[in-house]
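Everything on this sheet refers to the single structure shown next.
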Amino acid sequence: MRIYFATNRRYVKSATPPFKDRYNLEGPAIYRIGYAEVSKVADPTEKPDDAFAIDSIHVAPETPPAAADGEEELGSKQIFDELTNRARTQKRNILVYIHGFNSSFETCILRAAQLHDAWLDGDKKPLVFAFSWPADGGDGLGFGQSGETGSKWKYFGDRDDAETSGKAIARSLRRLLDYLMELRKKDNAAHAEPCEQCVHLVVHSMGNWALRHALLSLRTLINGARLPKIFTNAFLMASDEDADALEEKHKLGLLPQMADAVHVYHSKRDLALLISDTTKLNPDRLGSWGPRIIDGLDTNIYGIDCAAVSDTGVFLHGRHQYYRLRPEVIADVRQVIAGKSPDQIDGRSPVRAGRLYRIEPAG
């Protein structure tokens, strides 16, 4: 399978993989783009974190060769052209993925591969485009509490890196927006039918903190205008963000402008977020309790309680990885992507019909 990526990590051509845990040498707002070829190597039900392997990585050149008309083609255009052609000809949706803390570039790609393999629309696998910001890789829960994860300040280091990466994520989203607008112009000129495939956003853990700063940066890049509608669904998974984040325009309150629907998957049993809440002096977490309020929020925001289905059977997952491993959560997401209305999704119980739900354990 092919996983597309953008990253503002430092590029070291001779290294394997070639992207490291610091920023691009030209600055944190500068990103490279490319794709990784990934293969399935094991039964994911037995070793879910070892189910895939990276075979090769292709990085688009910073100074690409001239096109036939003599103009330079940006590496991002080459990648977006390929993504668009595959989405249209194969009728496949696109997932844009932003990973969480304690994640190396390799971890990001391999977890993106899991989403490619599991988050189906019917029998169609999505095309996955991952943005990898320079979180430090490591073992365990990632809060610097074991000898394997380095400094006790690791969490705060990742949080700073996520915030600083917001501009790079915003620049890549702006590039996507420009590309889609140009594509629409070409379709209109050719009297072609618009593409019916969907683009979905999935953001895990501290990636939601990076997303906050990406939204704020994107608004600046488009001179304060209303953000464009790009995504059909935005999935906020185990969000390491404030519980009131969707209420505030300076947090995640701008996200409903960009997505037809926002789905907050949360669990009060999430050990990683419990540590964030109680030891890092953070307010209540969105990924623990869901939205602080539901009345007054955009009507396209939904809360999905995953407390009963958050355990993945691996202690070091800290009940924080259910979005990619629990069959009940994956089944729920598939039904959302397929366009089922919230009240018609199998496996859910209504907490407040139309807005808040609970996923029940299978069997």
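Under a 5 Å amide H cut-off, with hydrogens placed 1.01 Å from N, V96 pairs with F129, H200, L201, V202 among residues at least 5 apart or on other chains.
Sorted largest first, the principal axis extents computed over the alpha-carbon atoms of region 249-363 equal 40, 34, 23 Å.
Stretch V41-R226 to full length: gain in nm at 0.36 nm per residue minus the Cα-Cα span?
Values: separation 185, 0.36 × 185 = 66.60 nm, distance 4.44 nm.
This chain segment gains 62.2 nm when fully extended.
Among L236, L286, L83, the order by Cβ neighbours within 10 angstrom, fewest to most, reads L83, L286, L236. Sorted ascending by nearby beta carbons within 10 Å, beginning with the fewest, C198, C108, C306 become C198, C306, C108.
Here the residues M1, M181, M258, M206, ranked from fewest to most Cβ neighbours within 10 Å of their Cβ, fall in the order M181, M1, M258, M206.
Volume per residue for region 219-288 equals 89 cubic angstrom (convex hull of Cα atoms). Pairs spanning more than 23 Å between alpha-carbon atoms, out of K167/K251; K91/K167; K125/K186; K229/K268; K249/K340: K91/K167; K125/K186; K229/K268; K249/K340. Both numbers refer to the Cα atoms of region 73-134; Rg and Dmax are 12.6, 36 Å.
Taking 0.36 nm per residue of sequence separation and removing the Cα-Cα distance, the R2/S14 pair yields an extension gain of 2.2 nm. Projected over every direction and averaged, the convex hull enclosing the alpha-carbon atoms of region 187-243 yields 5.4 nm².
Of all aspartates and glutamates in the structure, those lying under 19 Å Cα to Cα from K47, and not within fewer than 8 positions of it along the same chain, are D55, E106, D117, D139, D311, E328. Only helices enter this figure: runs of n ≥ 4 DSSP H residues, each worth -39500 (n - 2.57), summed and divided by the residues of the chain, yield -9500 deg cm²/dmol at 222 nm to the nearest 500.
Dividing the Cα radius of gyration of the chain by its Kirkwood radius returns 0.94 for Rg/Rh.
We did not get these values from a lab; they are worked out from the coordinates using the rules stated. All of these numbers come straight from a predicted model, not from anything done at the bench. We place every Cβ from the backbone using ideal geometry, glycine too, and count neighbours over all the protein chains shown.
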